[in-house]
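The values are calculated or read from the model by the stated rules, or taken from the named source; none is laboratory data. Every value quoted in this text rests on a predicted model; they were computed, and no experiment measured them. Cβ: placed from backbone, ideal geometry, glycine included. Neighbour counts: every protein chain shown.
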């Protein structure tokens, strides 16, 4: 069994910092894990370009629909495409006031519940090493749909 490399540990720390920022409702810290020119695709398929717009958007959702939410990121794939480029795929478990069926809905703000609910998403990240530090250069989120029961 091989031991994690310094770069792998740094990438895992980057993901942990991203998770910690979300859980602290820290949109500035969340966006700081990303490059200035990050490309971000939300679960609704909306595309955002740039760290500033990602920070502003997350400030809004962390103050409203995802207020008091908690996430847990589990890395499923961590693969180096080049020495300074890595692919990270992770499962995102979220506990929020949004029922799972509305997490990926444009009507989600109107469907908040006083109760906390669990939902899952997967994210694919491209991370780059610039000036010796790893940052997230691209993120694409996808809601994990519930498994439908099959009738025989």
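The table below lists the values:
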{"item": "Enumeration of residues in region 1-34 that are surrounded by 19 or more Cβ atoms within 10 Å (Cβ to Cβ) and either touching a helix residue (DSSP H, G or I) at 6+ places or on another chain (Cβ under 8 Å) or on the phi > 0 side of the Ramachandran plot (or both)", "result": "18, 21, 22, 27, 30, 31, 33, 34"}
{"item": "So residue 129, is it assigned to a strand (DSSP E or B), within 22 Å of residue 54 (Cβ to Cβ), out of contact with any strand residue (DSSP E or B) (no Cβ under 7 Å at 6 or more places or on another chain) and modelled with pLDDT of 65 or more", "result": "yes"}
{"item": "Qualifying residue in region 54-73 (condition: at positive phi and either surrounded by 12 or more Cβ atoms within 10 Å (Cβ to Cβ) or assigned to a helix (DSSP H, G or I) (or both))", "result": "no"}
{"item": "Candidate set from region 132-151 (those that are modelled with pLDDT under 85 and in a loop (DSSP other than H, G, I, E, B)); member that is nearest to residue 92 (Cα to Cα)", "result": "144"}
{"item": "Single condition residue 39 does not satisfy, out of (1) within 13 Å of the chain's Cα centre (by Cα); (2) surrounded by 15 or more Cβ atoms within 10 Å (Cβ to Cβ); (3) assigned to a helix (DSSP H, G or I)", "result": "(3)"}
